[in-house]
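The values are calculated or read from the model by the stated rules, or taken from the named source; none is laboratory data. Quick caveat, the model's predicted, so the values are computed rather than measured. For neighbour counting, all protein chains shown are included, and Cβ atoms are generated from backbone atoms with ideal geometry for every residue, glycine included.
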Amino acid sequence: MMKATNESIIIARHINEFLNEYVPSQKIRSDHTLKSYQYALTLYIGFLETEKGISPERLYGGCFSRIIIEEWLLWLMEHRGCSPETCNNRMASLRAFLKYLGSREISQLYLSEDATKIQRKKEVRKKVKGMSKKAVQVLLSVPDLSTKVGRRDLTLMIIIYSTAARIDEILSLKTDQLHLNAEKPNVTIIGKGRKIRTLYILPKAVAHLKKYLKEFHGDAPNAEAYVFYSKNTGIYGKMSQPAVNKQLKKHARSAHEICDEVPLDLHAHQLRHYGECFKMVSESTYS
């Protein structure tokens, strides 16, 4: 078995600390972001071994040079069929690690600086098709309100529509970020880069949230509890994006049978783009 070099051991240690200590300590990072970092680094290390003949035991700073990274991006597109958007996401993950590495090993700082000079792949923006007023009404009518899960799902869809916030921002909401009794009811969203913004919500959405909070959090909600939490982990564990998308697809299938304008592949990211449709729906939908 090949003995690892001192430099490869140092790099491996920094990869481990980056993934298992640094990223989880950054509260703005979602589970999805962590998995994205892990996958990108796994792909890169695998590329070095299979395409460049550099085993993990022989890693060194030069393995992360600009020219090798550019070869990796080309390999992702040509051999793995990755889209420009996916390549850009993988590159962003690698840049994050190199920035971390440079902050720990000054001799490797140049790698991060070189990586920033690599141009992003040109992306083709896909236009998200909206739903009609009727489709929105049908979608919001299908959750079974005789069950707690149905009432939760309806409330979740309504707040996504009302705020048009990113799904992770919604799932990261804690009860003290809801200001439902304010003169202008609103929610405080903590976005990327810890940027804080205030989003105002409609009266009927406020009514649904108040009912939801009373049922799922009681009369005195814990300030540190997630608004939409996982039934497996309790109030201190937020609901996952895959769980949300699973429920949305279930409701979309039911709604599609009534109105074929409701997309069968509906997912949380799409809901943000339907916010204007939501505002058009009559208040009777939520009464």
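Does SER230 count as over 20 Å from GLN270 (Cβ atoms) and among the hydroxyl-bearing types (Ser, Thr, Tyr)? Let's see the steps before the verdict.
On the way: over 20 Å from GLN270 (Cβ atoms): yes; among the hydroxyl-bearing types (Ser, Thr, Tyr): yes.
Yes: the conditions hold for SER230.
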- Item | Yes/no for TYR274 being at pLDDT below 90, in contact with a Gly (Cβ under 9 Å, 6 or more places away or on another chain) and of a type outside the set (Asp, Glu) | yes
- Item | Residues of the stretch 165-195 satisfying the condition of being exposed (fewer than 13 other Cβ atoms within 10 Å of the Cβ) and either closer than 22 Å to HIS269 by Cβ or of a type in the set (S, T, N, Q) (or both) | ASN181, LYS192, GLY193, ARG194, LYS195
- Message: For the stretch 97-114, check the following and say yes or no: at least one residue is in the same structural domain as ARG13 (by TED's automatic domain parsing), free of Cβ contacts under 8 Å to residues at least 60 places away in the same chain and under 24 Å from the mean Cα position of the chain (by Cα).
- Response: yes
- Selected residue (criterion: nearest to ASN6 (Cα to Cα)) from residues of the stretch 24-37 that are free of Cβ contacts under 8 Å to residues at least 24 places away in the same chain and touching a helix residue (DSSP H, G or I) at 6+ places or on another chain (Cβ under 6 Å): LEU34
- Note on the structure: Of the conditions (1) touching a helix residue (DSSP H, G or I) at 6+ places or on another chain (Cβ under 6 Å); (2) over 23 Å from LEU202 (Cβ atoms); (3) surrounded by fewer than 20 Cβ atoms within 10 Å (Cβ to Cβ); (4) touching a residue at least 12 places away in the same chain (Cβ under 8 Å), the single one that LEU94 does not satisfy is (3)
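Can you work out which of the residues in the stretch 212-241 that are in a helix (DSSP H, G or I) and without any contact (Cβ under 8 Å) to a residue 60 or more places away in the chain is surrounded by the fewest Cβ atoms within 10 Å (Cβ to Cβ)?
Step one: of the stretch 212-241, the residues in a helix (DSSP H, G or I) are 212-217, 241.
Subset that is without any contact (Cβ under 8 Å) to a residue 60 or more places away in the chain: 213-214, 217.
On the way: LEU213: 18, LYS214: 11, HIS217: 16.
Step by step, filter the stretch 212-241, then rank; the result is LYS214.
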- For SER132, which of the numbered conditions (1) of a type in the set (Ser, Thr, Tyr); (2) in contact with an Asp or Glu (Cβ under 8 Å, 6 or more places away or on another chain); (3) under 23 Å from ARG13 (Cβ atoms) fails to hold? (3)
- Scanning the stretch 50-74 residue by residue, those closer than 19 Å to GLN38 by Cβ and surrounded by 14 or more Cβ atoms within 10 Å (Cβ to Cβ) turn out to be PRO56, LEU59, CYS63, PHE64, ILE69, TRP72, LEU73
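Here's the yes/no breakdown for (1) touching a strand residue (DSSP E or B) at 6+ places or on another chain (Cβ under 8 Å); (2) under 24 Å from THR33 (Cβ atoms); (3) free of Cβ contacts under 8 Å to residues at least 40 places away in the same chain:
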site: VAL142; (1), (2), (3): no, no, no
site: THR147; (1), (2), (3): no, no, yes
site: GLY150; (1), (2), (3): no, no, yes
site: LEU154; (1), (2), (3): no, no, no
site: ARG166; (1), (2), (3): no, yes, no
site: GLU169; (1), (2), (3): yes, yes, yes
site: ASN181; (1), (2), (3): no, no, yes
site: VAL187; (1), (2), (3): yes, yes, yes
site: LYS192; (1), (2), (3): no, yes, no
- Query: Out of all the residues in the stretch 38-69, which are in contact (Cβ under 8 Å) with a residue 40 or more places away in the chain and not in a helix (DSSP H, G or I)?
  - Reply: SER55, LEU59, TYR60, SER65
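Tell me whether the stretch 74-89 contains one or more residues that are more than 30 Å from SER240 (Cα to Cα), outside any helix (DSSP H, G or I) and free of Cβ contacts under 8 Å to residues at least 12 places away in the same chain. Write out each step before concluding.
So the first thing to find is which residues in the stretch 74-89 are more than 30 Å from SER240 (Cα to Cα), and the list is 74-75, 78-79.
Okay, now just the ones that are also outside any helix (DSSP H, G or I), so none.
Checked the stretch 74-89: no residue is more than 30 Å from SER240 (Cα to Cα), outside any helix (DSSP H, G or I) and free of Cβ contacts under 8 Å to residues at least 12 places away in the same chain.
So for the stretch 175-190 (the condition being part of a helix (DSSP H, G or I) and out of contact with any helix residue (DSSP H, G or I) (no Cβ under 8 Å at 6 or more places or on another chain)), does at least one residue qualify?
The answer is yes, given that some residue of the stretch 175-190 is part of a helix (DSSP H, G or I) and out of contact with any helix residue (DSSP H, G or I) (no Cβ under 8 Å at 6 or more places or on another chain).
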